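Since the structure comes first, as C-alpha cells, the remarks are kept for the end.
The values are calculated or read from the model by the stated rules, or taken from the named source; none is laboratory data. Remember, predicted model here, so these are calculated numbers, not experimental data. For neighbour counting, all protein chains shown are included, and Cβ atoms are generated from backbone atoms with ideal geometry for every residue, glycine included.
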Amino acid sequence: MLRIPAIIFALLSGVHGLIHLMGFTAYWPLAIIQDLPYKTTLLGGKLDLGGGGMQIFSLLWLLAAVGYLVAAISLLLGKSFWAPLMLASALLSLVLCVLDWGVAYRGALIDLVILLVLLVVFGFRQQPAPFPRFTAASSPVETVPLPAGLPAPVERYFRLTYGDGVPVYTSAVMSGRGTVRFMGITMPGRLRFTHDSGQAYRHYIETTFYGIPLFKVNESYLDGHTRLELPFGVVEDAPGVDSAANQGLWAETFVYPAYLLTDLRLRWEAVDDDTAKLFVPFQDGEQEFRLDFDPQTGMIIRFETLRYRDEKLGAIRWWGDFIYGTDQNGDPVLENFTATWEDEGTPWLRVMFDEKVFNADIREFIRQKGP
C-alpha cells in the first residue's frame, strides 16, 4: 500500500478497534454506557443469551478490539501478517455488529469498508502463474577459457561461477515473477526479458490483480532506439531514455554474467579487493557500473550506476541487489534480483526468475509484442 494511505488506514482501524472496547465494557458489564445499554438479548430481542452468554459476547468484542489494534500496529511496523489478522478481526466485528444491529450498525458499515480495502490488498498479494515456457529452438552453448588480467574480485567471482570454461551466450530469454511499483503502488507481476546480448532488448511486463493481468508494458531497445508502450501512453525520443535503456540492458546481463567476459568492447577496472568498475559501450562513449562483491562468498551482491529517470531529476543513483540461496551442494544460487532508485529508497522491482533460455533464435521474437 502507499505509505501515507497505509498510515491513515492503520490509524482509523486502530480507532475502530478501541471503540470495540465499549462493547466489552458495556456487556460484561463493567460500566454503564448510554449508547450501549446492557441487555441479554440480540437480533432485536430474538436471541436470548442470558447473563453468561452476554459475558462471552463481550469477550468477543474484546478479541475484535485486540485484533484490530495489533493489526494496525503491525501495518505501521511493516509486518506482513497485518492483513490476515485484520481480515479475521473485521469478519468477527461484522458478525458482532450484525447481531447487535440496533446500536452497532455503524460499526458494521465500517467493517464493510475495511473488508473492501482488504479485498484490494489481498488482490495485490496474489502472485500470477508463470508465463508458458519459451519453446524456440536453441543452439548448443560453447565455452571459452576464462580470460587473464581480470581484477581480483572479478576473477574470483567468475572462477567460482564457471570454473575455467566460460559459456558463450548470444541471446537470452529470462522469464520471472515478482513485484513492480507503478504510480506509487506495489503490485505483483510477471515479466519476460528478451536480449540480443549486448545489443538490444525487449521487455514485456504484466502487473496483476488476483493473478489477472491489470496493466501491460511493452518496452523495446532496438537499433539504439527506445520505445515504451505504457498503460497510459507511449514514451520515446525523450532525453536520456536511450541512455537509461542501455544501462538497463547491461544491468540485466548481470543475471547471466558470462557474457560480460566474452564481449570485447567491455573493460574492467580494479578498485579494491571487493569492488570493481565495469565500463560498457554506449553510442560513442561508455557508461560506468560499480560492482560490489561479497568478501565471504565472492559473489556479486550489488551493482550501482548513475541513471537517467526523468527530466526533473536527471541522472541519479540506481542500483541492483542480488539475493542468493544455496543449492543442494551448498553453493550460492541467485534467487532474487531487486532494483532501487536512490530517491525512493526501496526496490521498485523485485524478480525471481522461473526460466532462462540461452542462444535461441530471437530475431523475430524480439521485435514482437506480448509474452
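For segment 283-319, name all the residues that are of a type outside the set (A, V, I, L, M, F, W, C), within 20 Å of Ala200 (Cα to Cα) and buried (at least 17 other Cβ atoms within 10 Å of the Cβ).
Result: Gln287, Thr305, Arg307, Tyr308, Arg309.
For segment 146-165, state whether one or more residues are modelled with pLDDT of 95 or more and in a strand (DSSP E or B).
Among the residues of segment 146-165, not one is modelled with pLDDT of 95 or more and in a strand (DSSP E or B), which makes the answer no.
Any residue at all in segment 207-217 that is surrounded by 19 or more Cβ atoms within 10 Å (Cβ to Cβ), in contact with a Phe, Trp or Tyr (Cβ under 7 Å, 6 or more places away or on another chain) and assigned to a strand (DSSP E or B)?
Yes - at least one qualifying residue is present in segment 207-217.
Hey, among the residues in segment 1-33 that are in a loop (DSSP other than H, G, I, E, B) and at pLDDT below 90, which one's farthest from Leu119 (Cα to Cα)?
Looking at residues that are in a loop (DSSP other than H, G, I, E, B) and at pLDDT below 90, I get Leu2.
Working only within segment 328-371, note down all residues that are surrounded by 14 or more Cβ atoms within 10 Å (Cβ to Cβ) and in a loop (DSSP other than H, G, I, E, B).
Hits for segment 328-371 are Glu342, Pro347, Trp348, Asn359, Ile362, Pro371.
Examine segment 66-83 for a residue that is within 17 Å of Trp101 (Cβ to Cβ) and surrounded by 12 or more Cβ atoms within 10 Å (Cβ to Cβ), and state whether such a residue exists.
No, that holds for no residue.
Among the residues of segment 296-314, is there at least one that is among the small types (Gly, Ala, Ser), outside any strand (DSSP E or B), over 25 Å from the mean Cα position of the chain (by Cα) and at positive phi? Talk me through it step by step, then tell me what you get.
Within segment 296-314, the first condition is being among the small types (Gly, Ala, Ser), and the residues that meet it are 298, 314.
Those left that are additionally outside any strand (DSSP E or B): 298.
Then keep just the ones that are over 25 Å from the mean Cα position of the chain (by Cα); that gives 298.
Filter once more, so that each one left must be at positive phi: 298.
Yes, that holds for at least one residue.
Looking at (1) of a type in the set (A, V, I, L, M); (2) touching a strand residue (DSSP E or B) at 6+ places or on another chain (Cβ under 6 Å); (3) under 30 Å from Arg159 (Cβ atoms), which one does Leu264 not meet, given that it meets all the others?
(2)
Report yes if Val173 is in a strand (DSSP E or B), in contact (Cβ under 8 Å) with a residue 40 or more places away in the chain, surrounded by 15 or more Cβ atoms within 10 Å (Cβ to Cβ) and β-branched (Val, Ile, Thr), otherwise no.
Yes; evaluated as a whole, the condition is true for this residue.
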